[in-house]
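Just so it is clear, none of the values below were taken in a lab; they were calculated from the coordinates. Since this is a predicted model, take the numbers as computed values, not measurements. Every residue, glycine among them, receives a Cβ derived from its backbone with ideal geometry; neighbour counts consider all protein chains shown.
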Amino acid sequence: MKLKNKTVLIFGGGRYGTKAVKFAKKRNVRRVIVVDNNSYCSARKFLSTDEFIPMRKSGILNLIMEIKPDFIIPAMPGHTAGRLFREVFNLKPFPEGLAIVVRYLPQSLISRKDRATSTLVLSYMSKEKTCREDCIPPDEYCRLTKEPRPAPVYALLNYAIFRKFDINKIFVSEQISVGLGGIRTEIIIEFLNKVKKELPQTLAIGTACQCHGILNLFKMPESIRDKK
């Protein structure tokens, strides 16, 4: 992913957000913006005043439309894409869908399953270990554990949700640098417009790279679908 002369929006100014800021500035981006709830986050010391925005109640979509970034780097806890769609459409969790999806996934890769939020987290890395800082993943195995990795997590998630919900999307996190991934904003906006047009009853929205992924299952409120 080439960042030169691009605008990059980073959600989260902690450890990975700071790493993203440093990398982006070395690549001569046109503009870098960090959004965080903490005005004293670690990334602040690498940013000018106009390169930091406190997370506002106005929501993620308004920030995207205002800044118009070329790339979005999710670097805060949780699922940034899932939060965006939940805010825009007032989506509700769809816990009944979890049992459907889980049947089609390797059980050893499921690191978290939360019915309350209808969230599923997958990872090739076990909870007891941490990924190497310098990891550039090969195709067949994990550099740290040496365990096989026969398929990327984004492919596994796409398989698990295929034709099981009214509308599905796994945003593939493109590798920007070692340990850093980003999503092209145009892909997010394109899917946002599709959801607005179709107003599906159920949705599966995830973000994943080769080794890790997070999935949210949602249902659309009847009050929104009535507008169809």
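Of all residues in the range 1-56, count the ones that are charged (D, E, K, R), free of Cβ contacts under 8 Å to residues at least 60 places away in the same chain and either surrounded by 20 or more Cβ atoms within 10 Å (Cβ to Cβ) or in a loop (DSSP other than H, G, I, E, B) (or both).
Residues in the range 1-56 being charged (D, E, K, R), free of Cβ contacts under 8 Å to residues at least 60 places away in the same chain and either surrounded by 20 or more Cβ atoms within 10 Å (Cβ to Cβ) or in a loop (DSSP other than H, G, I, E, B) (or both): 6 in total.
Any idea how many residues of the range 57-68 are assigned to a helix (DSSP H, G or I) and in contact (Cβ under 8 Å) with a residue 12 or more places away in the chain? Lay out the reasoning, then the answer.
We begin by selecting, within the range 57-68, every residue assigned to a helix (DSSP H, G or I); these are 60-67.
So of that shortlist, the ones also in contact (Cβ under 8 Å) with a residue 12 or more places away in the chain come out as 60-61, 63-64, 67.
Qualifying residue count, the range 57-68: 5.
Please determine whether any residue of the range 24-40 is closer than 30 Å to T145 by Cα and not hydroxyl-bearing (S, T, Y).
Yes - at least one qualifying residue is present in the range 24-40.
Do you know which of the residues in the range 170-228 that are out of contact with any strand residue (DSSP E or B) (no Cβ under 9 Å at 6 or more places or on another chain) and among the hydroxyl-bearing types (S, T, Y) is nearest to V8 (Cα to Cα)?
Taking the range 170-228 as the starting set, the residues that turn out to be out of contact with any strand residue (DSSP E or B) (no Cβ under 9 Å at 6 or more places or on another chain) are 177-179, 186, 189-190, 192-193, 196-197, 199, 222-228.
Filter again for among the hydroxyl-bearing types (S, T, Y), leaving 177, 223.
Working: S177: 14, S223: 35 Å.
Once the filter is applied, the top-ranked residue is S177.
Can you tell me which residue among E147, E198, E222, E174 is of a type in the set (D, E), under 15 Å from the mean Cα position of the chain (by Cα) and surrounded by fewer than 19 Cβ atoms within 10 Å (Cβ to Cβ)? Outline the logic, then answer.
On the way: E147 fails: under 15 Å from the mean Cα position of the chain (by Cα); E198 fails: under 15 Å from the mean Cα position of the chain (by Cα); E222 fails: under 15 Å from the mean Cα position of the chain (by Cα).
When all the criteria are applied, what remains is E174.
I73 is checked against (1) touching a strand residue (DSSP E or B) at 6+ places or on another chain (Cβ under 6 Å); (2) more than 19 Å from V34 (Cβ to Cβ) and fails just one. What number does that condition carry?
Exception for I73: condition (2).
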